[in-house]
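Q: Take a look at this one; I'll ask things after.
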Amino acid sequence: MKTGDNHKRQPIRLLLVDDEDHFRQTIAKRLAKRGLNCDQASNGNECLSILEKKAMDVVILDVKMPGMSGIEVLQNINATYPATEVILLTGHATTFDGIEGIKSGAFDYLMKPIELEHLYNKIIQAYDKIQRIAAEQKESEYRKQMEQQMIATERLASLGTLAAGVAHEINNPLAIIRESAGWMQQLFARDELKDMPRRDDFTKALDKVEKSVERASRITHQLLGFVGKSGSAVSEVNVTELAEEAIRLITHEIKNKDIEIVRRMDPSLSPIQSDPYQLRQVLLNLLTNAIHAIKSAGTITIATEDVGDSQMITVSDTGGGIPRENLAKIFEPFFSTKPPGEGTGLGLFVTRGIIEKLDGTIEVESKVGLGTSFCIRMPKLLKRTEGFEESFSQKWVEKIRARAKKT
Amino acid sequence: MIKIPIRVLLVDDEKDFVEILSLRLEEAGEIVTPAHSGRECLDILETKEIDVVILDILMPGMDGITTLKEIKNRFPLVEVIMLTGHGSTESAVKGMKLGAFDYLLKPAHFGELTAKMEAALKRKDEQAERIRKAEVKFLLRRGGDI
């Protein structure tokens, strides 16, 4: 029998509730012979307190009990444990209770005296229903998640394209602004303007113009670097060496803070196939974020490790941590908690873009007050090097579309 | 040391950009000829002695890459520095493969630009020197034959 196979694989968690000890124990013994072990309770309160400690699949519940009635217990179970199914046992003359029970959400009812075969089949049926519901729920959750992911992907992709277009259009006027400010600076350096009134005010203002151009162009270049068809250079990369190099590059950033860098790196890692420049950019982004997360003193730990067909790089800090509500947003473009001008809100967005382009994954774990840990896994071999210049966003959209077609 | 002026041809369809950068380069002691299209750039190279061309990649009409190919074909000694408003380095890399001396992303640092121009001029002079020596050798050998 098909249903027979089911409960062999995973034992059904069963609770038998009846105030008649002899009846209850007999039923329990006979069910055990058929391979169904059950917990027992002799009244409604006991039943509920067992359920508090242990989740049950099926509860077999006598309707007529002293104290809390079976129907009350049933309503209680339905409200608190919606995944649990209840089979009611009613006296011979009380069909009414059984119907009332089904109305209140019982799976079914059996009239006493019960036939064991009958009870056994009902239990199996109830359990099948539970499994069916669980599977349906899982599937609908998966579909919902898929849809959300697709919406996010499409949004990011179109946003990326738009942003790149804007960035490109902005770079030309930025160049003119920069050259104009620079030209004025050159003019102020001339002897003829040495004694011009308020000359310092002018040059100071021009400095600000130039600094702002610098800031704006940093954003546009980051955006273009993300969307642009990168001139990816795939070669053999030693992850540990790359991490060391990244640490060297950021040491000047930690001079003003009391930050200890802890290395947990495997020096014997074999090289992987990847893009060293882009991967270094990723590590620099993560390290910079870690430094910014630490207010005055703390530890940054970098670990590299071989995990089968990929290698893992972890960057952890003991900084402020990321609040739960922000965790889902950190990879979105322009999301930043830094003051204006300090963060472009593109660091992690670009980071994830690069990693996914290189067939890797990135995960984050964070606890407010304790710190944050980013874990990257990069494959030892790239899935494809052909057509590698294809932009990340395109590839991503296609991947999701293909997945959507399947479901 | 006396600064030797670099004869620069500045090509960009953004007129304001050409105007201001010309002023700056002249202030820095270079000799600048402005142009606003690939066609104009090639016409000027026909008539004027130029050391370095600063060339925008994205231009309407004849684009920077096509212009670069023409320059390298017809005036192989002239060095080209490419300017790109496009953050992607792809077109710049393509340009380098076609013989451009170097490239800069817009908005570029003035100091970087002038440094690259000096380096480009140096390479042009060295190349010219090598050609001159080769010619002398060739002439001497031919002379020996006679």
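Just so you know, all these numbers are worked out from the coordinates, no wet-lab data involved. Everything numeric in this text was worked out from a predicted model, so none of it was measured. Every residue, glycine among them, receives a Cβ derived from its backbone with ideal geometry; neighbour counts consider all protein chains shown.
Q: Taking only Cα atoms, what is the 0 to 90° angle, nearest 10, from helix B:15-27's long axis to the longest principal axis of chain B?
A: Compared with the principal axis, the helix lies near 50 degrees.
Q: With both bridge residues required to lie in the protein assembly as shown, what share of the DSSP beta bridges run antiparallel, to the nearest 5%?
A: 40 percent
Q: Find the Rg to Rh ratio for the range A:157-227, where Rh is the Kirkwood radius over alpha-carbon pairs and Rg uses the same atoms.
A: Taking Rg over the Kirkwood Rh, I get 1.18.
Q: In square nanometres and to one decimal, what's the mean projected area of the convex hull around the Cα atoms of the range A:2-114?
A: Hull-based average projected area comes out at 6.9 nm².
Q: Let me ask another. For the cross-link pairs A:Lys29/A:Lys112; A:Lys338/B:Lys94; A:Lys211/B:Lys3; A:Lys208/A:Lys329; B:Lys3/B:Lys48, which exceed 26 Å when the distance is taken from alpha carbon to alpha carbon?
A: A:Lys338/B:Lys94; A:Lys211/B:Lys3; A:Lys208/A:Lys329
Q: Please give the length that would be gained between A:Glu147 and A:Glu192 if that part of the chain were fully extended, namely 0.36 nm times their separation in residues minus their C-alpha to C-alpha distance (nm, one decimal).
A: Gain on stretching A:Glu147 to A:Glu192: 9.5 nm.
Q: Right, something else. For the range A:40-96, what does the alpha-carbon gyration tensor say about shape, rounded, prolate or oblate, given a ≥ b ≥ c as the root eigenvalues, a/c under 1.5 as rounded, and a/b over b/c as prolate?
A: Cα axes put the range A:40-96 in the prolate bin.
Q: Estimate the FRET efficiency between A:Ile102 and A:Asp309 by the formula 1/(1 + (r/R0)^6), using the beta-carbon distance for r and 60 Å for R0, to the nearest 0.05.
A: Rounded to the nearest 0.05, the efficiency is 0.65.
Q: Can you list, largest first and rounded to whole Å, the semi-axes you get for the protein assembly as shown by taking the square root of 5 times each eigenvalue of its Cα gyration tensor?
A: 76, 26, 22
Q: Could you work out how far helix B:38-47 tilts from the main Cα principal axis of chain B, as a 0 to 90 degree angle to the nearest 10?
A: Result, in degrees: 40.
Q: Further question on the same structure: Of the beta bridges DSSP finds with both residues in the range A:234-302, what % are antiparallel, to the nearest 5?
A: Roughly 35 percent of the beta bridges in the range A:234-302 run antiparallel, per DSSP.
Q: Tell me the label-point distance for the pair A:Leu249, B:Glu90, using the 7 Å Cα-to-Cβ offset, in nm and rounded to one decimal.
A: About 2.3 nm separates the two model spin labels.
Q: For A:Arg13 and A:Leu162, FRET efficiency with R0 = 60 Å and r from the beta-carbon atoms, rounded to 0.05?
A: My answer for the efficiency is 0.65.
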